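We did not get these values from a lab; they are worked out from the coordinates using the rules stated. Just so it is clear, the structure is predicted and the values come from calculations on it, not from any experiment. Neighbour counts run over all protein chains shown; Cβ positions are idealised from the backbone, glycine included.
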Amino acid sequence: MAEHKRLPFVQTAWAVCAREWNAAFDSALAWLTIALAVLALNATALNEFFLAGRLELRALFETLPMVLVVLAPALGMRLWSEDLRQRTAELWLTLPVRTGAIVLGKYLALLGLYTLVLVGTLPLVILLCQLGDPPLLAIARGYLGALALGAALLAIAGFFSTLHAEALSAFVSAAFTAFVLLALGDARVMAILDGLLPGSGLGSLLGERVALLGAYQELVYAPSFDWISTLLPVLRLLLVTLLFLWGAQRGAARNRA
Amino acid sequence: MIRVEGVHKSYAGTHAVAGVSFTIQPGEIVGFLGPNGAGKSTLLRMLSTYLEPDAGRIEIAGIDTVRDPLGARARLGYLPEHNPLFEGMRVRECLEFLAHMRGLNREEREQRLGLAAEQLGLAAVLQKRVRECSKGYRQRIGLAGALLGDPAVLLLDEPTHGLDPLQVLALREFLHGISPGRAILFSSHILAEVAAISSRVLLLHQGRLLLDEPTATLEQRARAEGINLEQHIVRVIERAGGSTRLG
């Protein structure tokens, strides 16, 4: 019999990521999802350029959270639901590798797909540069916010995909959760919640502590650049990402119980 | 090589496996027999570490499957009941990926893949996508995947499912060829297959182990009673209070 070697955690995650990345493009669904998202984001921003006559990406970053409510669950439901449905979860979970490495590899592939969407909006930045002198640092912060928010919502979608064998159930649960976590940061929702329980400050509390939209807006709409105001919201979104990835790992392992 | 001691597993209050114990030594091919729903797949899933037992202890090559599931997995090859495979991958890519997950380097992967392709006659489909392969080829791909790590323990859940008689015969010869030094446990609900392939039979019924005997002894007993092996097994089940009638 052969001697028994183990693939290190990082190499495992990387190999899983490469497999999942290739598998994603095996069907037209990934192409279609990415193309629709790129189209929606570019159309919104171009509309702002030409109709409002403003040389900025504000419209793109304003639209992105709502696009992500649909896009993140659409991509994230791939993380585990399909494996439960096709029974390949049994294949994954009997390989001599850590469940965490499998989940991380699958998640990184999803993050790569989402990054493709963001890359698809870069022609807008080139267009801005040709038409004038855009604030590139602010735009970079916007993209950082877009990446961090997308990473968190993908982790949430991935977590729900470990709980549902039906991709549709995973999609609906993730979309609902993403919508709530974003909506809680909306000023109107905060005001309504504050009004429901006067004096409690519930809406403001949830908006500041729980909502993801606040952290994203802090990054995207900051009037000037400084490291603290850039890193804090990124860390907040990263914490949410790690929390839900941990949940996804537990959810995937739960299938063994 | 495989040691099972007092293993229990329940689903929603129903005992799928109730207090099963047995040991399988290297070089043995053991057939796991039982009607549908007897608990064969549940027990194999626990052996493969996919499920954890509620009580009892399982050792694979001396490693406790609950304490060190990764260590146990590294020493076993497993072909699950429905033979799940990565459908969109080409057969070569799929097997290479599975070998990579087992920690094999590029050279070892090439060597093992070549060997598996030769032993199991997969050369013709290596460039095909898994979903394009016939049932017979899919079973062979699953078996190749289980053997890539050169495991000390091989667990096969219904490996003959969907195979034609010639393929069953080829599988039997193949298992005999790879059995030296390896503990092989395979499940089936077809007695003739179990008798033909295995040197020992485990009979599981309603989660309990009713019988654990060498195939030759069983055949002798059946002959002594003037009945065939099938009738003998039916008697064992009926004596244990089980029904073998439809409905």
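Quick one: compute the contact order of segment B:19-93, relative version, from alpha carbon pairs under 8 angstrom and 6+ residues apart, as a percent. Averaging sequence separation for qualifying contacts and normalising by length gives 19 percent for segment B:19-93. Ranking of A:Y216, A:Y114 by neighbouring Cβ atoms within 10 Å, starting from the fewest: A:Y114, A:Y216. Computed over chain B, the percent of Cα pairs more than 28 Å apart is 33. Taking a ≥ b ≥ c as the square roots of the eigenvalues of the alpha-carbon gyration tensor, segment A:9-254 is classed oblate because a/c is 1.5 or more while a/b is no larger than b/c. Cβ crowding within 10 Å, taken as a proxy for footprinting-reagent exposure, orders A:R58, A:R98 from fewest neighbours to most as A:R58, A:R98.
Between B:I190, B:I60, B:I29, the Gaussian network model of chain B with springs among Cα atoms under 10 angstrom shows the greatest mean-square fluctuation at B:I190. Were the residues from A:L39 through A:Q130 laid out at 0.36 nm apart, the gain over their Cα-Cα distance would be 30.7 nm. Taken over segment A:80-182, the convex hull of the Cα atoms encloses 117 Å³ per residue.
Among A:F171, A:F50, A:F61, which one shows the biggest mean-square fluctuation in a GNM of chain A, springs joining Cα atoms closer than 10 Å? It is A:F50.
Footprinting exposure proxy ranking of B:F97, B:F32, A:F176, fewest other C-beta atoms within 10 angstrom first, gives A:F176, B:F97, B:F32. Using a cutoff of 8 angstrom between alpha carbon atoms and counting only pairs six or more residues apart, the relative contact order for chain B works out to 27 percent. Taking 7 Å steps out from each Cα toward its Cβ at B:A240 and B:H82 produces label points 2.7 nm apart. With R₀ fixed at 60 Å, the C-beta to C-beta distance from A:L46 to B:R92 puts the FRET efficiency at about 0.85.
Between A:V117, A:V38, A:V189, the Gaussian network model of chain A with springs among Cα atoms under 10 angstrom shows the greatest mean-square fluctuation at A:V189. Can you give the Rg to Rh ratio of the protein assembly as shown, both from alpha-carbon atoms, with Rh computed by the Kirkwood formula? With Rg and the Kirkwood Rh in hand, the quotient comes to 1.09.
In this simple spin-label approximation, A:S204 and A:S169 carry label points 7 Å from Cα along the Cα→Cβ vector, and these lie 4.1 nm apart.
With each label modelled as a point 7 angstrom along the Cα→C-beta vector, the A:I228-B:E118 pair spans 6.9 nm. Estimated from helices alone, the mean residue ellipticity of chain B at 222 nm is -11500 deg cm²/dmol (sum of -39500 (n - 2.57) over DSSP H runs with n ≥ 4, per residue). A Förster distance of 51 Å, applied to the separation of the beta-carbon atoms of B:D54 and A:L55, puts the FRET efficiency at 0.20. Within segment B:79-101, whose backbone N sits under 11 Å from a point 7 Å along Cα→Cβ of A:A18? Flagged as within label range: B:97, B:100-101.
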